[in-house]
1. Please indicate, with yes or no, whether at least one residue in region 178-186 is assigned to a strand (DSSP E or B), more than 17 Å from residue 131 (Cα to Cα) and under 20 Å from the mean Cα position of the chain (by Cα).
2. Identify, please: which residue in region 174-188 is touching a strand residue (DSSP E or B) at 6+ places or on another chain (Cβ under 8 Å) and surrounded by 14 or more Cβ atoms within 10 Å (Cβ to Cβ) and is, among those, modelled with the lowest pLDDT?
3. Can you pull out the helices (runs of 4 or more DSSP H) entirely within region 1-86 that have at least 3 residues that are closer than 18 Å to residue 116 by Cα and touching a helix residue (DSSP H, G or I) at 6+ places or on another chain (Cβ under 8 Å)?
4. Is it the case, given these coordinates, that residue 232 is within 25 Å of the chain's Cα centre (by Cα) and assigned to a helix (DSSP H, G or I)?
5. Of these, 95, 114, which one is in a loop (DSSP other than H, G, I, E, B), out of contact with any helix residue (DSSP H, G or I) (no Cβ under 6 Å at 6 or more places or on another chain) and surrounded by 15 or more Cβ atoms within 10 Å (Cβ to Cβ)?
6. Can you tell me how many residues in region 265-289 are out of contact with any helix residue (DSSP H, G or I) (no Cβ under 7 Å at 6 or more places or on another chain), surrounded by 22 or more Cβ atoms within 10 Å (Cβ to Cβ) and touching a residue at least 60 places away in the same chain (Cβ under 8 Å)?
7. Let me spell it out: the conditions are (1) over 25 Å from residue 107 (Cβ atoms); (2) outside any strand (DSSP E or B); (3) over 9 Å from the mean Cα position of the chain (by Cα), and residue 291 meets all of them except one. Which number is the exception?
8. Does any residue in region 137-159 that is on the phi > 0 side of the Ramachandran plot come within less than 7 Å, Cβ to Cβ, of a residue that is not in a helix (DSSP H, G or I) six or more places away or on a different chain, and which pairs are these?
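The values are calculated or read from the model by the stated rules, or taken from the named source; none is laboratory data. All values derive from a computational prediction rather than experimental measurement. Please note: Cβ atoms are built from the backbone with ideal geometry, for glycine as well, and neighbour counts cover all protein chains shown.
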């Protein structure tokens, strides 16, 4: 059987990556619009309705509009924007989040693709909170650095073109320092946390790749878990998962000197590390991923496969 897929916003950073992953697949037919029709509501509506699944790679306002264009129609949607991440009735598209999430995605008409930072943070926090190792009301700090492609075409231009009036020449900068980052509600809703985490994102002068870090003082927890216990909870939670890998002790030890955010670029893998010091009762949990892979386009393709009943690793 051949399925029709429309990428609304295929010329954007995420859309291009999804198109590259889908255009050679024989079981899929991609619906394309002429350049002149990409912002034409009627042309978009026709393409959305014709598709079996449409993937929205749009700014939030345009994604909200796209949903109104298919009201009453059978088109299934995957939204890669932030518009519906915490909206009731939308299924969160992180298949490995819990045992039932794949089934929810498989039967859903509306799937919201997770953000890149939340994918890493939720992957680290959810097993520890649901397993009772980390109290839901524990104060959490999340530090993260992403490649500049996460900011889309405007930031890419500022980082790559020094002739731009607003060009950025620094190798690294922090942002979101008003502590109102749009990903925080998403992290709060799906991680199991009872209180807002303190989230400090930053951007490095590399195109793609990401590291998300969560430091924990194990001595401050009532059950005072060991470093090994933290590792074992994460390892057991993601046993038999293809795309979420928990680094073993030798792998973590090999990265003590440095951990490169670009290691998983152009893959759909998410790798979790537990770096700990038992004597001090401290750990740093780290998620490593491609912000355009498991953090965006790759995860969208994985969700598409699940929704269509295709083996979820196809094309990844």
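1. Looking through region 178-186, none of the residues is assigned to a strand (DSSP E or B), more than 17 Å from residue 131 (Cα to Cα) and under 20 Å from the mean Cα position of the chain (by Cα).
2. 176
3. Working: elements: 13-22, 41-50, 60-69.
So the answer is 13-22.
4. Values: within 25 Å of the chain's Cα centre (by Cα): yes; assigned to a helix (DSSP H, G or I): yes.
Here the answer is yes, as residue 232 does meet what is asked.
5. Working: 95 fails: out of contact with any helix residue (DSSP H, G or I) (no Cβ under 6 Å at 6 or more places or on another chain).
After ruling out the rest, the residue left standing is 114.
6. Qualifying residue count for the region: 2.
7. (3)
8. Close Cβ pairs satisfying both conditions: 152/12.
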